[in-house]
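The values are calculated or read from the model by the stated rules, or taken from the named source; none is laboratory data. Just so it is clear, the model here is predicted, and its values are computed rather than measured. Cβ coordinates were reconstructed from backbone atoms using ideal geometry, including for glycine residues, and neighbour counts include every protein chain displayed. With ligands, DNA and RNA removed, areas are computed over all heavy atoms of the protein, side chains included. Shrake-Rupley method; radii C 1.70, N 1.55, O 1.52, S 1.80 Å.
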Amino acid sequence: INSNAAPVSFQNVTKVYGKDVVAVDTINLDIEAGKLVTLLGPSGCGKTTTLRLIAGLEMATQGKITIGGRDVTQLPATDRDVSMVFQSYALFPHMSVLENVSYGLNFSGFNKSEISDRAAAGLDLVGLRGYGERLPSELSGGQQQRVAVARALVLEPQVLLFDEPLSNLDAKLRRQVREEIREIQQNLGLTVVY
Ligand code: ADP
Ligand code: MG
């Protein structure tokens, strides 16, 4: 998997929900390509909103957002090259692990054999080689979360976002998968906001 990693920049970005819920207040932020940046803060401080602004799932009320130097402030999620891994990893229960990992690739213009090669490489990266034919219900919670990570990784996005992806896992697994994510991020030189 080759890296397409890009820098992200926020210039005076504000997000107001409705009339007066200021979720993000005049943020300036520069994230270098190939780095992992962690957003820390109490519940409700605006972490998820910041990630959703990068993904294009929310639009900034004010300010400018660039990805790879391109102004994406007004671009919808479908026109941005960003993937997000959520807390509820929402695998498709009726699809095999390989089909889950392939899902986003079906819309990206690759042919069938490229798709299955890439999906298999993604499973390798997260330590799940040989699990492709299983259903998600036949995996542990940690393995399911790794499938969600693989599904995002194989898209080789410019930016990969993680919104508390491990909070459903017990403490030991959380540390293990977190270290795996860090290792993959460093090996592939991905831009990650966590
Ligand atoms: P965090 O992820 O750090 O817990 P959020 O970004 O989810 O914080 O929320 C920041 C603030 O915005 C909170 O006050 C929250 O209640 C509010 N908020 C989040 N999403 C919405 C929404 N869709 N509509 C209105 N208010 C929202
Ligand atoms: Mg949140």
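With the simple model of a label 7 Å out from the Cα in the direction of the Cβ, Ala90 to Thr14 spans 3.0 nm.
Averaged per residue, what accessible surface does the stretch 66-194 expose to a 1.4 Å probe, in Å²?
Working: 6430 Å² over 129 residues.
Here the per-residue accessible area is 50 Å².
Spacing of the modelled spin labels on Leu29 and Ala121, each 7 Å from Cα toward Cβ, amounts to 2.9 nm. The calculated FRET efficiency for the pair Glu164 and Leu135, based on their C-beta separation and a Förster distance of 25 Å, comes to about 0.50.
Using just its DSSP H runs of length 4 or more, each adding -39500 (n - 2.57), the chain gives a mean residue ellipticity at 222 nm of -9500 deg cm²/dmol after division by all residues. If I fit a long axis through the Cα atoms of helix 171-188 and take the longest principal axis of the Cα atoms of the chain, what angle between them do I get, 0 to 90°, rounded to 10? Tilt of helix 171-188: around 80 degrees. Ignoring the sites themselves, the chain has its longest run without GluC sites (Glu not before Pro) in a DSSP loop having at most 15 other Cβ atoms within 10 Å at 33-132.
Stretched out fully, how many nm does the piece from Asp79 to Lys172 gain, at 0.36 nm a residue minus the Cα gap? Could you put the intermediate results ahead of the total?
Details: separation 93, 0.36 × 93 = 33.48 nm, distance 3.73 nm.
Here the segment from Asp79 to Lys172 would lengthen by 29.7 nm.
What a 1.4 Å probe finds exposed on the chain is 48% carbon and sulfur by accessible area, rounded to a whole percent.
Please compute the Kirkwood hydrodynamic radius over the stretch 4-82, one decimal place, Å, based on all pairs of different Cα atoms. Show your work: numbers first, answer last.
Values: mean 1/r = 0.0784 Å⁻¹.
Across the stretch 4-82, the inverse of the average 1/r is 12.8 Å.
Would you mind telling me the antiparallel percentage of the DSSP bridges in the chain, rounded to 5?
Details: 14 of 22 bridges.
Percentage antiparallel, nearest 5: 65.
Can you tell me the convex hull volume per residue for the stretch 45-125, based on C-alpha atoms, in Å³ to the nearest whole number?
Numbers: hull volume 10.9 nm³, N = 81.
Looking at the stretch 45-125, the number lands at 135 Å³ per residue.
With the convex hull drawn around the C-alpha atoms of the stretch 70-194, the volume per residue stands at 112 Å³.
Against the chain, whose longest principal axis comes from its Cα atoms, helix 141-153 is set at around 70 degrees.
Under 23 Å of direct C-alpha separation, and excluding same-chain neighbours fewer than eight residues apart, Lys15 reaches these lysines: Lys47, Lys64. The Cα trace of the stretch 139-194 gives Rg and Dmax of 10.8, 30 Å, the first to one decimal, the second as a whole number. Ordered from longest to shortest, the equivalent ellipsoid semi-axes for the stretch 1-158 are 32, 18, 13 Å, each the square root of 5 times a Cα gyration tensor eigenvalue. Taking a ≥ b ≥ c as the square roots of the eigenvalues of the Cα gyration tensor, the stretch 92-132 is classed as oblate, since a/c reaches at least 1.5 and a/b does not exceed b/c.
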